[in-house]
Structure formats: structure tokens, C-alpha cells
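Structure record follows, encoded as C-alpha cells.
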Amino acid sequence: MAQTLAVIGTGYVGLVSGVCFAEHGNTVWCMDVDQDKIERLRRGESPIYEPGLEPLLQRNLHEGRLIFTEDLRQAIHHATVVFLCLPTPPDQDGSADIHYVLDTARAIAEIVAHDGIDRLRILVNRSTVPVGTTEQVQTLVRQVAPSADIRVASNPEFMSEGNAVQQTLNPDRVVVGSSDPDVITVLRELYQPFVDDYDRPLLVMDDKSAEVTKYAANAFLALRISFMNELSRYCESVGADIELVRTGISLDPRIGRTYLHPGIGFGGSCLPKDIRALVRSAHQVGMSLQLVEATANINAEQLHRFVERIRHRFGGSLARRRFAVWGLAFKPNTDDVRESPAHKLISALLADGATITAYDPEAMDTTRRVLGDRIEYARDMYSALDGADALIVATEWAEFRMPDWDNIKSRLQENVIFDGRNLWHPNMMQVLGFEYHSIGRRSVFPGV
Ligand SMILES: NC(=O)c1ccc[n+]([C@@H]2O[C@H](COP(=O)([O-])OP(=O)(O)OC[C@H]3O[C@@H](n4cnc5c(N)ncnc54)[C@H](O)[C@@H]3O)[C@@H](O)[C@H]2O)c1
């Protein structure tokens, strides 16, 4: 049966979750403190770039199943289930800052206690939070609203940006962290259209295991990338080709194909912060998670090494050098630049005196908000190249894969490419007349 839900926080997770719940017939009140975001959403404009999101947003808005508000009281008043989709940014020491979750849970409990709302039964946390947070929120809600019967559950989100709508509508699994039969029944019913018992199950576990599952998933994905990046350095040293090695191992079903691409490292709003938070959480119980710590270190070194290669190519200093950078988003198909390797790369090049002209199909505005006029922004991928000493590829957008090579050559000062995402084959680049440096493969030079 369709339900009335509230989603608090309409960022990447909250908005996609809210839209997808509405798509399955529920009425969803979406609340955010960002007034500008709410106004755009009321007009049917998505404040984020996420393929497939805007048409679903508009349809459900027009059909009255999605309502956007800045008022928490209004959002929760009719809801039976409230989802918290709030930021959990890293603290100074790397641990997850859960004050948005705690403050909002407290505010909800205060409203429930004050207004005598008895409809709201379940508070679900979808943010990525350290183990024990669900328990902490449950205790807090009981203290603030002792006569209300609000049950708190964990329901971590596993979607990845760029494919979030498809993944939310067809999740690999839904994890519900609760030992309360009533909560489990309600969430089973709500997720029933999203899951099936065979290959897209809803898994019920205790809240602590659900919280750890989310960190474990992200740490494991990050570990795969760092493994390949470490191996890419080895391949460079011994004259092997990491891309051939990747194909050779990824066809083994025990290994699989995903998250094995060597490059300039992982970024985004999740993997870096979540592995730092996991490491920190382990330290708090007197443990060190050595593989996870190595994963983070390898990731940082990978970018550093790439910058060193560029610096070395230009005689040890980048002062007065100009570079074109293709790609600013932390990965393709998103406008998200949080902890983007492209941004870190650009900052390192700028610190060394270089000038940057950048292009990204979707992440120009989000980059402007961070880097402002420290770099120049190109109209299109080709004009970024005008007068540049080299092209640097930082994000593997599909539109970069089959460029007009003559156009590139006519604009670059020298035909030099540093490819941080292995978009092209070294042999082809040599035939095309480029000096080409990539990850975990031999560099090639024209005519050599
Ligand atoms: N982005 C992802 O791919 C992804 C995937 C899985 C899990 N997560 C986790 O989900 C959580 C949310 O991530 P996100 O990427 O959606 O973050 P986000 O920054 O895109 O969105 C958070 C939203 O919450 C709003 N907000 C802040 N304080 C608020 C308050 N007091 N009341 C209402 N709204 C408030 C912000 O304005 C923002 O719109 C994080 O814990 C993150 O780690 C993210």
C-alpha cells in the first residue's frame, strides 16, 4: 500500500530516494534547509545532474506525489516513515560528523512531542554513519519524546552517482538494519516494488551490522581501485600493460570487472571520507585496519605520482606552463566535484605555477563554486586546448573517447597528452603522432 513519507535532505541521496519512492506511488514530502534548492525543485528543476532524474521528478511533481518544503514540521506532519538523508562530512580527525543526523532527529522528536503527532512511527537513517549511530539516535528520540513510539532503523544507501536512478529503482540489495518486527514489516512493504527474493533481495540484519555493511562496501570498492593503482606502478616498472592485466583478471568470475580501472585515484563524496571514517572508528576501539589504511595511502600517492610525471616531463617546474584539463567531475555522468581527483590535480599544478584551462560536460558550475577564477573555463573540449603545452585527461567522460585528433593537434603547442584514465591505446597514439603518457603502460613518443 502506498504510504506518506518524508525525506529530510534533498541532496544526491535524498532527492533520488524521494523521487523513486514517489515513482512507486507513495506521497513524498521532501525537505531541505537550502531555500534555493527547494525553489528549483518546486519548478521541476533538478539541482544536480543525474541521468534520468529530471523527467521522473517532473512527472511525480505534476501528479502531486512529490511535495517540496523548507519546513520540517510540515514535512513530517503526515508521514508515517521519515528518511534522514543528511550530510555526514569528515571531522578534523577524519571521523564522520553526525551532528546533522543527531540535530535533525532531535528536532523531529521535539515536533512530535510538542504537536502530539502519533502517525510517525519510523525514523530511518540513510546517511552513512559510524557503527552505533542508530542506537544513539534511538536513545535521543526516546529522551526527547518519551511518550511517542518512534522506532529508529538503519537503511544505508548503496547507489552510485551517475547511475543513481537506475540503481535505486533496481537495487542489487536493500539493507534494513532493525530487529523490530513492525519496522521490518513496514519497510518490506515499502521496498516491495524495488526488490525480488531471488537476485535483488531485501536483507534484514541488526542495525550495527547494517552500518558496518555500508562502510565495508565502500572500503572494498576503494581497495580494488587502489590494488589496481599499486599494480599499475609495478607494470610501469617491469614493462607490462596494466590494461591487459586488468582484462586477464577481470574475466575470472571470482574477481569480476567493476572497480578495477587504474587511474589517478578515486574521489567523490563517499569513498575517501568513508574509508577515513572507518579507519578512525577502528582506532577508537584500539584497532588499525591495515588494508583500509593502505588503500587511502595508495590513493594519495597515485595522484602525487601523476603530478610528478608531468613535472618531470617539463624539466622539474611547471611555472609558465599552460595545460588543458579534460574532466572536472570526480567521475563521469555527474556534476559532483567533491574530493574530485581532477580538482586535486589542478590544485597541485596551480601550486607549481601552471595555468589551467578546463572543460567538463556537466561540472563547470560546480567547479566554479570551488575554484572560482583560479582557472579558465573553456566553451568546449577543443577550445580548452588552445596554446596548451599538454592535454591532461582527468575524468573519463564518453565524449572524450573519440575526439577529432587533427583538431587537437592544431591547437596544442606540443602534441603531448597525459591520460589519467587510460582512454586510448598507446600504439594508436604513437601512430597518430602523440607523445602519450598513461597509467600502468609504457609511454610512447612520436616516431620512436
Ligand atoms: N552521494 C552519494 O553517492 C551517496 C551514496 C550513498 C550514501 N551517501 C551518504 O548519504 C548521505 C547524504 O549524501 P548526499 O551525497 O546526498 O549529500 P548532499 O550534500 O548531496 O545532500 C545533503 C542535503 O542535506 C541538506 N541539509 C543539510 N542540513 C539539513 C537539515 N538540517 N535539514 C534538512 N536538510 C539539510 C543539504 O542542504 C543537502 O541538500 C551522506 O551520509 C553520504 O555519505 C551518499
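At a glance:
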quantity	calculated
Mean Cβ neighbour count within 10 Å, used as a protection proxy, ranking 222-234, 63-75 highest first	222-234, 63-75
Efficiency of FRET from Cβ geometry, Q3 and R411, R₀ 60 Å, rounded to 0.05	0.60
Spatially near lysine pairs across the chain, Cα under 29 Å, sequence gap of 8 or more or different chains	13
Debye, to nearest 20: dipole size of the range 4-205, +1 on Lys, Arg Cβ, -1 on Asp, Glu Cβ	400 debye
Packing rank of 361-368, 116-123, where each peptide gets the mean count of other beta carbons within 10 Å, highest leading	361-368, 116-123
Sequence of M428, M402 once ranked by neighbouring C-beta atoms within 10 Å, starting from the fewest	M402, M428
For peptides 79-85, 179-185, sequence by mean Cβ density within 10 Å, most packed first	79-85, 179-185
Cα long-axis angle, helix 12-23 against the chain (0 to 90 degrees, to the nearest 10)	60 degrees
Relative contact order of the chain, defined on C-alpha pairs under 8 angstrom at six or more residues apart (%)	12 percent
Taking I76, I111 and counting other C-beta atoms within 10 Å, the order from fewest to most	I111, I76
The range 253-437: equivalent-ellipsoid semi-axes (sqrt of 5 x gyration tensor eigenvalues, Cα, Å)	30, 18, 16
Helical mean residue ellipticity (222 nm; -39500 (n - 2.57) per DSSP H run of 4+; nearest 500) of the chain	-13500 deg cm²/dmol
Cα-based radius of gyration of the range 182-272 once divided by 2.2 N^0.38 Å, which approximates compact folds	1.49
Degrees, to the nearest 10: 290-313 long Cα axis against longest axis of the chain	30 degrees
The range 279-362: C-alpha gyration tensor shape, a/c 1.5 cut-off, then a/b vs b/c	oblate
Computed lengthening from H304 to S147, 0.36 nm per intervening residue step minus Cα-Cα distance	51.0 nm
Cα pair distances exceeding 40 angstrom across the chain, given as percent	25 percent
Inter-part distance where the range 1-78 and the range 276-341 are each reduced to a Cα centre, Å	34 Å
Percent of Cα pairs exceeding the 20 Å cut-off, where the set is the range 4-205	54 percent
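Quick note: the coordinates plus some simple rules give every number you see, no bench work behind them. Worth saying up front: this structure is predicted, and the values here are computed from it rather than measured. For neighbour counting, all protein chains shown are included, and Cβ atoms are generated from backbone atoms with ideal geometry for every residue, glycine included.
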